[in-house]
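Step one of this worksheet: look at the structure below.
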Amino acid sequence: MRVIAGTAKGKKLKGVPGDTTRPITDRTKEALFNILGDWIVDARVLDLFGGTGAVGIEALSRGAAHVTFVDRSVAAVRTIAENLRWTGLKSRADIRRADAFKVLAQPPETAPYDLVYIAPPQYKQMWAKALQMLDERLDEWLSPDGLVVVQIHPVEYQELSLQHLRLYDQRRYGSTLLCFYEQGSKVAR
């Protein structure tokens, strides 16, 4: 697992000890950021269920303005902090050791985010709960041109009844499915 491009290109990232996280593969991460392109520059990112921090760190390396990482695991928070120090990107990041659902139940501490990345533990439908919670308070959490990306195993996917968000794209990379959501009134990207 490494940083693919940008200021920290080539730096290897540490994994979270144990088997509680499922890091994104370099191939899938590269594909995600090829889709996002230059749109990520100056973006504010919320990396829910941060794990190793690989997605948020890639965003920072490619020019995101700021990333907030949220994970309730002490080991994950420690790993994210170490990876941020190693890549030299910690000045543009905040790490919160907290339950993602408790975080989403409150108004955000800062302005809305441009990208919310949801990659929770598999097979627990946590992605659906997080997405529904975001949908309920969308104006508080997501900027008008923002998007939400969900990373799940393909067998987990189900259509959700959402009021404000709509699925506009899906991409499958082996055993990973990326689902892209935007505000429902927008034209697809």
inquiry  = To test your reading of the geometry: what angle, between 0 and 90 degrees and rounded to tens, separates the Cα axis of helix 74-87 from the longest principal axis of the chain?
reply    = 70
task = Output the peptides 55-61, 138-144 sorted from most to least packed, where packing is the average of other Cβ atoms within 10 Å over each peptide's residues.
result = 55-61, 138-144
remark   = Expected sort for 157-170, 22-35 on mean C-beta neighbours within 10 Å, highest first, is 22-35, 157-170
request  = Filter the cross-link list Lys12/Lys102; Lys9/Lys129; Lys29/Lys124; Lys11/Lys124; Lys29/Lys90 down to pairs whose alpha-carbon distance in this structure exceeds 29 Å.
outcome  = Lys12/Lys102; Lys9/Lys129; Lys11/Lys124
request  = Per residue, how big is the convex hull around the C-alpha atoms of segment 26-183? Give it to me in cubic angstrom, could you?
outcome  = 103
query = How many nm is it between the label spots at Ala111 and Arg171, if each spot is 7 Å from the Cα in line with the beta carbon?
reply = 2.7
ask   = So for the pair Glu159, Lys124, with labels modelled 7 Å out along Cα→Cβ, what separation do we get in nm?
value = 2.8
task = Working from Cα positions, state the angle (0 to 90°, nearest 10) between the long axis of helix 126-136 and the longest principal axis of the chain.
result = 60
request  = May I ask you to list the aspartates and glutamates whose Cα is less than 12 Å away from that of Lys14, ignoring any residue fewer than eight positions away on the same chain?
outcome  = Glu82
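Quick check: residue separation of Trp86 and Glu30 times 0.36 nm, minus the Cα distance between them. What number comes out in nm? Mind showing how you got there, number by number?
Numbers: separation 56, 0.36 × 56 = 20.16 nm, distance 2.01 nm.
Using 0.36 nm per residue and subtracting the Cα-Cα distance, I get 18.2 nm.
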ask   = Measuring from centroid to centroid over Cα atoms, what is the spacing of segment 144-175 and segment 1-63 in Å?
value = 18
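Quickly rank 94-102, 128-136 as a protection proxy: mean count of other C-beta atoms within 10 Å, highest first.
128-136, 94-102
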request  = Determine the shape class of segment 1-117: with a ≥ b ≥ c the square roots of the Cα gyration tensor eigenvalues, call it rounded for a/c under 1.5, and otherwise prolate if a/b is greater than b/c, oblate otherwise.
outcome  = oblate
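Laboratory data are not the source of any read-out in this text; all were calculated from the coordinates shown. Note that the structure is a prediction, hence the values are computed from the model and not measured. FYI the Cβ positions are ideal-geometry reconstructions off the backbone, even for glycines, and counts take in every protein chain you see.
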